[in-house]
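Working notes, beginning with the structure itself.
The values are calculated or read from the model by the stated rules, or taken from the named source; none is laboratory data. From a predicted model like this one, the values you see are computed outputs, not experimental measurements. Neighbour counts run over all protein chains shown; Cβ positions are idealised from the backbone, glycine included. Protein only, heavy atoms only, side chains kept; ligands, DNA and RNA dropped before computing areas. Shrake-Rupley method; radii C 1.70, N 1.55, O 1.52, S 1.80 Å.
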Amino acid sequence: MVTTIFAEMSALAVTTGSVNLGQGFPDTDGPPEVAQAAADAILRGRGNQYPPLPGIPELRHAVAGHQRRWYGLEFDPDSEVLVTAGATEAIAAALLALIEPGDEVIAFEPYYDSYAACIALAGGQRVPVTLRAPDFRPDLDALRAAVTPRTRLILVNSPHNPTGSVFTRAELTAIAELARERDLLVIQDEVYEHMVYTGEHVPIISLPGMRDRTVSISSAGKTFSFTGWKVGWVTASAELVAAVRAVKQFLTFVSAGPFQYAVAEALQMPDAYFTGISEDLRGKRDLLCGGLAQAGFTVYPPDGTYFVTTDISPFGDGDGVEFCRNLPHQAGVVAIPNAVFYDDPEAGRMQVRFAFCKRPEVLQDALNRLDKLQR
Ligand code: PMP
Ligand code: GLN
């Protein structure tokens, strides 16, 4: 793979003038007061020079405050919070810090593309446990069977990209029990924590015995609709944060200073902002899911995230990769083939992901275009 599927498909959307429901980014920027805070920070000279390695204190305190407000979790802003260049850097730094060559890392496939790359960079061996259609629940027996004496870590992404599955408290409790029993670490990627339509988001770090064996990762990109700012963070025990920080300092050293001031303010917005995210996206999910079903797709409505996975079997024998390469030319819409997120060549072969973090009129435009597809 030379470029990621996201880069390839977003470039194809531009050259073909397609509606881009591929790469997940909103088409409306986040709160204007947060954008203003970033502009003010630049103009007032806040963060224009290298910020501190672990992130500015204001943001570390705000992250700790967010974890307390939403989950009742206490983190020491000085030793248990680390600011990163998006969740992407946090994932890379955590895997590079915690994996020794030859260690096995269990990840639920389909997995977000950087997981496989970063496990490989760390010299680890990825061991997939497959989430299967139609409801993409974690198979806890398969998970248990996947653990070997070489297993070091379980990588959990809930809410899950690309399937939209939100692991339940019972499922996460079972994963936590296994981690304790077999003395494993857990990394949880929680970037879609505020985008849940059915059920609740449970940080696995909040479950008994998990406080010191979990690295929790999130980011401002999704929650505040500023995916271009690349401000992420880690919350974990002081020991785990120190390990991740030791790697992070040689990846980016620090990330953009003025955006850190803006995100520190954003994290303190009233509860209604955070609960409003899901309310807004739920309507968009329903619009896109309904329209895709009408256009002939088999739709697996998501419980969280801003993606919906579909099955394209009704459109013929071609697989999802071929379908997505043709779709911009045939219908003027870009989507992502889930197959690229699987090791199992069969499991995701006919699945295609669409993003619904777009204005309703843009979603409707895409649906009008897709409605013309031949079944
Ligand atoms: N994890 C998942 C599951 C994602 O979908 C994304 C995409 N944004 C990321 C991590 C990366 O987040 P960031 O843009 O903050 O690096
Ligand atoms: N998280 C977004 C997605 O899954 C964007 C990924 C990216 O650009 N690397 O589409």
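The listed residues are 316, 320, and the only one of them that is open to solvent by 10 Å² or more (accessible area, probe 1.4 Å) and over 19 Å from the mean Cα position of the chain (by Cα) turns out to be 316.
Restricted to the stretch 215-327, the set of strands (runs of 3 or more DSSP E) holding at least 2 residues that are among the hydrophobic types (A, V, I, L, M, F, W, C) comprises 232-235, 307-311. Scanning the stretch 44-103 for residues that are within 26 Å of residue 121 (Cβ to Cβ) and among the small types (Gly, Ala, Ser) turns up 55, 85, 86, 87, 90, 92, 93, 94, 97, 102. When 91, 119, 99 are screened for being over 17 Å from the mean Cα position of the chain (by Cα) and either buried (at least 24 other Cβ atoms within 10 Å of the Cβ) or of a type in the set (A, V, I, L, M, F, W, C) (or both), only 99 passes. Answer yes or no as to whether residue 153 is in a strand (DSSP E or B), at pLDDT 95 or above, away from ligand 2 (no atom under 16 Å from the Cβ) and within 24 Å of residue 121 (Cβ to Cβ). Taking the combined requirement at face value, the residue satisfies it. Close contacts from the stretch 105-121, counting a first residue that is assigned to a helix (DSSP H, G or I) and of a type in the set (Val, Ile, Thr) and a second that is open to solvent by 10 Å² or more (accessible area, probe 1.4 Å) and more than 11 Å from ligand 1 (Cβ to nearest atom), with Cβ to Cβ under 6 Å and a gap of 6+ residues or different chains, come to 119/126.
In this entry, residue 133 passes the filter for residues that are under 22 Å from residue 344 (Cα atoms) and touching a residue at least 24 places away in the same chain (Cβ under 8 Å). Would a scan of the stretch 311-333 turn up a residue that is out of contact with any Pro (no Cβ under 6 Å at 6 or more places or on another chain), of a type in the set (Val, Ile, Thr) and within 22 Å of residue 159 (Cα to Cα)? Scanning the stretch 311-333, I find no residue that is out of contact with any Pro (no Cβ under 6 Å at 6 or more places or on another chain), of a type in the set (Val, Ile, Thr) and within 22 Å of residue 159 (Cα to Cα), so the answer is no.
Considering only residues that are open to solvent by 20 Å² or more (accessible area, probe 1.4 Å) and touching a Ser or Thr at 6+ places or on another chain (Cβ under 9 Å), which ones fall in the stretch 251-272? Of everything in the stretch 251-272, those that are open to solvent by 20 Å² or more (accessible area, probe 1.4 Å) and touching a Ser or Thr at 6+ places or on another chain (Cβ under 9 Å) turn out to be 251, 252. Quickly run through the stretch 221-278 and pick out the residues that are within 16 Å of ligand 1 (Cβ to nearest atom) and on the phi > 0 side of the Ramachandran plot. Within the stretch 221-278, 225, 230 qualify. Residues that are over 18 Å from the mean Cα position of the chain (by Cα) and within 19 Å of residue 93 (Cβ to Cβ) were ranked within the stretch 185-220; the one that is nearest to ligand 1 (Cβ to nearest atom) is 185.
Taking the condition part of a strand (DSSP E or B), open to solvent by 20 Å² or more (accessible area, probe 1.4 Å), over 21 Å from residue 227 (Cα atoms) and touching a helix residue (DSSP H, G or I) at 6+ places or on another chain (Cβ under 7 Å), does residue 352 pass?
No: the conditions fail for residue 352.
Here the stretch 134-167 is the region considered, the condition is being among the aliphatic types (A, V, I, L, M), more than 13 Å from ligand 1 (Cβ to nearest atom) and open to solvent by less than 10 Å² (accessible area, probe 1.4 Å), and the residue that is farthest from residue 180 (Cα to Cα) is 143.
Residue 265 fulfils the conditions (1) closer than 27 Å to residue 107 by Cα; (2) in contact with an Asp or Glu (Cβ under 8 Å, 6 or more places away or on another chain); (3) among the acidic types (Asp, Glu) except for a single criterion, (1). Against the definition (within 13 Å of ligand 1 (Cβ to nearest atom), open to solvent by 20 Å² or more (accessible area, probe 1.4 Å) and out of contact with any Lys or Arg (no Cβ under 8 Å at 6 or more places or on another chain)), how does residue 112 come out, yes or no? Taking the combined requirement at face value, the residue satisfies it. Residue count for the stretch 1-34, restricted to those that are in a helix (DSSP H, G or I), open to solvent by 40 Å² or more (accessible area, probe 1.4 Å) and away from ligand 2 (no atom under 13 Å from the Cβ): 5. With the requirement that a residue be surrounded by fewer than 21 Cβ atoms within 10 Å (Cβ to Cβ), over 13 Å from residue 255 (Cβ atoms) and not small (Gly, Ala, Ser), what does the stretch 39-64 give you? If the condition is that a residue be surrounded by fewer than 21 Cβ atoms within 10 Å (Cβ to Cβ), over 13 Å from residue 255 (Cβ atoms) and not small (Gly, Ala, Ser), then 40, 42, 43, 44, 46, 48, 49, 57, 58, 61 are the ones that fit. Only a single item in (1) assigned to a helix (DSSP H, G or I); (2) surrounded by fewer than 22 Cβ atoms within 10 Å (Cβ to Cβ) is not met by residue 176, and it is number (2). Scanning the stretch 323-348 for residues that are among the acidic types (Asp, Glu) and in contact with a strand residue (DSSP E or B) (Cβ under 8 Å, 6 or more places away or on another chain) yields 343, 344.
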